[in-house]
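The values are calculated or read from the model by the stated rules, or taken from the named source; none is laboratory data. All figures in this text were calculated on a predicted structure; none of them were measured in a lab. Neighbour counts run over all protein chains shown; Cβ positions are idealised from the backbone, glycine included. Note: areas computed on protein heavy atoms with side chains; ligands, DNA, RNA excluded. Shrake-Rupley method; radii C 1.70, N 1.55, O 1.52, S 1.80 Å.
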Amino acid sequence: MTEHYYGKQAYNSQAIPDQRYQTPSFGRSLAKLQLPWGNTQEVFYPNIPPQGLRAEEKGQQDDQKKGRKNPFSGENFHFRYDHEVYRFAKAALFTRIIAFLRVFGFVTMCGYGVIIIPIILIDLCTTDLLFLAWFFDRWLLIFSIVGTPVVIWLLFYGIMRFLPPSWWLRPSKGSRWELNRKTGLVTIYQRRQQPFIAPFYEFDPYVNMTADRSGFTTYTLHLAHRYSSQSFNAMGFVPMGYAEQTCFAQWDFLQNFMDTSRPLPDAPEWEASRPLDPVTAAYDQQTGRNPRYWIDMDETTWKQVSQAMRDKILIIDTMTRLDIMESHLLKQ
């Protein structure tokens, strides 16, 4: 059944086809790191807690009972993650701006608070004014520094927390990229152009380093097609991080997802579709895996498991591995 299920170009880490060696382009050689293929670890970024899975399951059951279609489904928002496809799409710009301002207001409020509270205490201790007189003399300055981000945070937190999602949660115009485990193909969607499609084993992983607006270094995983100029940001639903190990873990996760010689990654988002992949179904039956391992997990256990996974990511051994792809890239 397995050999008839997967396509001829499906990725198998035990049977990588030989390919033509290609010198990295000038732009790619300036990337911070090129990552090796293979020898992966079982890692995933702990994005969705079990209560989120249970809420999704209940929502699907309610929709089925009432015969309605969920307007916020992956189909409508152009994303998909199951036993066959990992397809990524962003929300609409309007939605992303609201989410950004909520986070920006909270982070700025906390940052300014840490800075200004000691200054206020020192000023209070050194002034001869009574507290009320001091407050009325300084309140406008304090509000302009701390109050503005507080208002921003409360406003956009309230929008996301209390208004119906249909008011602020909107889909983008289409998907960004797709990995297909069944066919072994990667698709890069391009506006006003035909999608670019190539086998997964023709893409090389790079970690790019950039600076955010605050000057902090951020890291993103990019997959670049070896024989063309096509590339894409492959972080997917993993947030851009301040540790390159997050990119290492995402690269392992993508390889494990595409690798038909092994079961699907044991991550919460993929639990429901595990029985539909033949290699994964056989593995789960052999090992006796609980089919509701993640969805029935209690909150305390989830906190322990997710923290253990974050700790595992921080010590991941990516850069000490041998690259299994090198022996399959033949120089003419």
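Out of TYR219, TYR206, TYR201, TYR283, one residue alone is over 19 Å from ILE48 (Cβ atoms) and in contact with a His (Cβ under 6 Å, 6 or more places away or on another chain). It is TYR206.
Rundown of residues vs (1) farther than 25 Å from GLY38 by Cα; (2) among the charged types (D, E, K, R); (3) under 21 Å from the mean Cα position of the chain (by Cα); (4) open to solvent by 40 Å² or more (accessible area, probe 1.4 Å), yes/no style:
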site: GLU271; (1), (2), (3), (4): no, yes, yes, no
site: ALA281; (1), (2), (3), (4): no, no, no, no
site: THR287; (1), (2), (3), (4): no, no, no, yes
site: ASN290; (1), (2), (3), (4): yes, no, no, yes
site: TRP294; (1), (2), (3), (4): yes, no, yes, no
site: MET297; (1), (2), (3), (4): yes, no, no, no
site: MET309; (1), (2), (3), (4): no, no, yes, no
site: ILE313; (1), (2), (3), (4): no, no, yes, no
site: ASP317; (1), (2), (3), (4): no, yes, yes, yes
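Of the residues making up segment 215-228, those that are of a type outside the set (Val, Ile, Thr), without any contact (Cβ under 8 Å) to a residue 40 or more places away in the chain and open to solvent by 50 Å² or more (accessible area, probe 1.4 Å) are GLY215, PHE216.
Looking at the structure I just gave you, is GLY52 in a helix (DSSP H, G or I) and modelled with pLDDT of 85 or more? The answer is yes for GLY52. Scanning segment 239-273 for residues that are under 16 Å from TYR6 (Cβ atoms) and either charged (D, E, K, R) or in contact (Cβ under 8 Å) with a residue 40 or more places away in the chain (or both) turns up GLN255, ASN256, PHE257, MET258, ASP259, THR260, SER261, ARG262, LEU264, SER273. Residues in segment 176-195 that are over 21 Å from LEU35 (Cβ atoms) and either of a type in the set (Phe, Trp, Tyr) or surrounded by fewer than 17 Cβ atoms within 10 Å (Cβ to Cβ) (or both): LYS182, TYR189, GLN190, ARG191, ARG192, GLN193, GLN194, PRO195.
Residue pairs whose Cβ atoms lie under 6 Å apart, separated by 6 or more positions or on different chains, with the first residue in segment 177-194 and touching a residue at least 24 places away in the same chain (Cβ under 8 Å) and within 16 Å of PHE253 (Cα to Cα) and the second among the small types (Gly, Ala, Ser) and crowded, with 20+ Cβ neighbours inside 10 Å, are GLY184/ALA10. Scanning segment 268-289 for residues that are of a type in the set (Gly, Ala, Ser), closer than 15 Å to ASP82 by Cβ and out of contact with any strand residue (DSSP E or B) (no Cβ under 9 Å at 6 or more places or on another chain) yields ALA272, ALA281.
Let me confirm something: among GLN9, GLN64, GLN41, which residue is assigned to a helix (DSSP H, G or I) and either in contact with a helix residue (DSSP H, G or I) (Cβ under 9 Å, 6 or more places away or on another chain) or at pLDDT below 85 (or both)? It would help to see each step written out before you state the result.
On the way: GLN9 fails: assigned to a helix (DSSP H, G or I); GLN41 fails: assigned to a helix (DSSP H, G or I).
None of the other options fit; the residue is GLN64.
In the set LEU276, LEU329, LEU254, only one residue is within 15 Å of ARG181 (Cα to Cα) and open to solvent by 20 Å² or more (accessible area, probe 1.4 Å); that residue is LEU276. SER231 passes every criterion in (1) surrounded by fewer than 18 Cβ atoms within 10 Å (Cβ to Cβ); (2) modelled with pLDDT under 95 apart from (1).
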